[in-house]
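Asks: I have a structure I would like to understand better, so I am pasting it below and will then ask my questions one at a time.
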Amino acid sequence: MRNLIGIEDFSTEEIDELIEVSKDIISNKEKYLEKCKGKILATLFFEPSTRTRLSFESAMLSLGGSVLGFSSADSSSTQKGETLADTIKVVSSYSDIIAMRHPKEGAPIVAANNSNVPIINAGDGGHNHPTQTLLDLLTISQEKGRLDNFTVGLCGDLKFGRTVHSLIIALSRYENIKFVLISPKELKIPEYLKQDFLDKKNIEYTETESLEENIDKLDILYMTRVQKERFLNEEEYVRLKDVYILDKQKLEKAKNDLCILHPLPRVNEISTEIDDDPRAAYFRQAEYGKYMRMAIILKLLNIK
Ligand code: CP
């Protein structure tokens, strides 16, 4: 039985195959309408979500399956003190596959150790968000036609932003990827990512605090929200929250074929004035999430 806990759980060939299946789903939706007939997806969200939970549910419904679950720990027996292990033991007897979001890093491993059905990590604390990364790769492939030879700017909260952690690990596998890591010094990427992935694989990267001075070099700009929920100090959040705001003026220096991504939700970091710019791909990115999650469900349930 396969789980998806981190992006490392899939080989590069498997990631490429998931992208191809997603593209086939986009072109041939009717072919997939009954692939998961009789199957049940449980969505256990111990933290808030709009896109991940609803796109997983939409994905399973579009495959002919059914869904059950909860959207907050408060509406589950966690509130009464039930352990994650016990919750998973029970829910895995009600379902064929589980997508789970949890505030604790590593919680998906506890879930996998107590489950009879595949576990999908739908975000664990500030750690990883592998299904977001897979849909990010699908988006890059759709928008740019390849996954290699890019200068990628990651901008904002690189410390707590779990989507950028998984994305660095995934993109490090492709040829000639350079990173420009744009963040305030308080929100730099964790050291382990530099040591275990960037340095180990001799990947070129620079760390900077300036978006303006670097935007002209980028092929892809991945904006992120400052993760309010991970801060221990409210004052520090308020000081850092609006440090980067992408607007029309900043985009003047950018390449004509820049691809602008954001996992969403956004707060202030992308001005709505650029939503109609053809380079703004973040709403298309959210839509691709559904198709990638259909492909992930099929793969983990071993349905061709
Ligand atoms: N990108 C993302 O994970 O969005 P949600 O928090 O709305 O699921």
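The values are calculated or read from the model by the stated rules, or taken from the named source; none is laboratory data. Just so it is clear, the model here is predicted, and its values are computed rather than measured. Using ideal geometry, Cβ is built from the backbone for each residue, glycine included, and neighbour counts are taken over all protein chains shown. For accessibility, only protein heavy atoms count, side chains too; no ligands or nucleic acids. Shrake-Rupley method; radii C 1.70, N 1.55, O 1.52, S 1.80 Å.
Asks: What figure, in Å² to the nearest 10, do you get for the accessible area of residue 71 with a 1.4 Å probe and non-protein molecules left out?
Replies: Roughly 60 Å² of residue 71 is accessible to a 1.4 Å probe.
Asks: Could you order the peptides 106-116, 198-208 from most to least packed, using the average number of other C-beta atoms within 10 Å per residue?
Replies: 106-116, 198-208
Asks: Residue by residue through the stretch 222-233, what is 3J(HN,Hα) from phi via Karplus (6.51 cos²θ - 1.76 cosθ + 1.60, θ = phi - 60°)? Round to whole Hz and write x for glycine and proline.
Replies: Per-residue couplings from phi come out as 9, 7, 9, 7, 6, 7, 3, 5, 9, 7, 8, 10 Hz.
Asks: Right, here's the next one. Towards the positive end of the charge dipole of the chain, with charges on Cβ (+1 Lys, Arg; -1 Asp, Glu), say which of 167, 147, 67 has the farthest Cα.
Replies: 67
Asks: Which order do the peptides 131-144, 265-278 take when ranked by the mean count of other beta-carbon atoms within 10 Å per residue, highest first?
Replies: 131-144, 265-278
Asks: Highest mean first, what order results for 226-236, 146-156, 250-260 on Cβ atoms within 10 Å?
Replies: In decreasing order of mean packing, 226-236, 146-156, 250-260 become 146-156, 250-260, 226-236.
Asks: Then there's this: Keeping all protein chains in the complex and leaving out DNA, RNA and ligands, what accessible area do you get for residue 124 with a 1.4 Å probe, in Å² to the nearest 10?
Replies: So the heavy atoms of residue 124 present about 0 Å² to solvent.
Asks: Now for a different question. Are there any helices in the chain, counted as whole DSSP H runs, that stretch 20 Å or more along their axis by Cα and score at least -0.5 on average by Kyte-Doolittle, and if so which?
Replies: Values: long enough: 12-27 (23 Å, -0.07); 130-144 (21 Å, -0.18); 282-300 (26 Å, -0.07).
Membrane-span-like by this criterion, though nothing is claimed about a membrane: 12-27, 130-144, 282-300.
Asks: Please figure out what share of the DSSP beta bridges in the chain is antiparallel and state it in percent, rounded to the nearest 5.
Replies: Numbers: 1 of 35 bridges.
Restricted to the chain, the bridges split so that about 5 percent are antiparallel.
Asks: If amide H atoms are built 1.01 Å from N in the plane of the peptide, which residues on other chains or at least 5 residues away come under 5 Å of the amide H of residue 4?
Replies: 119, 120, 121
Asks: Here is a further query. If the viscosity is 0.692 mPa s and the temperature 37 °C, what translational diffusion coefficient in µm²/s does Stokes-Einstein give for the chain when Rh comes from Kirkwood over Cα pairs?
Replies: Stokes-Einstein gives a translational diffusion coefficient of 166 µm²/s.
Asks: Would you work out if the stretch 1-149 is rounded, prolate or oblate? Take a ≥ b ≥ c from the square roots of the eigenvalues of the alpha-carbon gyration tensor; rounded if a/c is under 1.5, else prolate when a/b is larger than b/c, oblate otherwise.
Replies: Prolate, because a/c is 1.5 or more and a/b exceeds b/c.
Asks: List every residue whose amide H lies under 5 Å from the amide H of residue 67, counting only residues 5 or more places away in sequence or on a different chain, with H placed 1.01 Å from N in the peptide plane.
Replies: Amide H to amide H, under 5 Å and 5 or more residues apart or across chains, residue 67 pairs with 41.
Asks: Right, here's the next one. Which value, in nm² and rounded to one decimal, describes the direction-averaged projected area of the C-alpha convex hull of the stretch 130-286? If you can, show how the numbers build up before the last one.
Replies: Details: hull surface 34.0 nm².
Value for the stretch 130-286: 8.5 nm².
Asks: Explain nothing, just the number: relative contact order of the chain, from Cα pairs under 8 Å at least 6 residues apart, as a whole percent.
Replies: It comes to 20 percent, rounded to a whole number.
Asks: In deg cm²/dmol and to the nearest 500, what is the mean residue ellipticity at 222 nm of the chain if only DSSP H runs of at least 4 residues count, each as -39500 (n - 2.57), divided by the residue total?
Replies: After summing the helix terms and dividing by residue count, I get -9500 deg cm²/dmol.
Asks: Compute the distance from the alpha-carbon center of the stretch 40-119 to that of the stretch 194-216, in whole Å.
Replies: About 35 Å separates the Cα centre of the stretch 40-119 from the one of the stretch 194-216.
Asks: Still on this model: Rank these by accessible area, largest first, 1.4 Å probe: 162, 279, 2.
Replies: I get 2, 279, 162, largest accessible area first.
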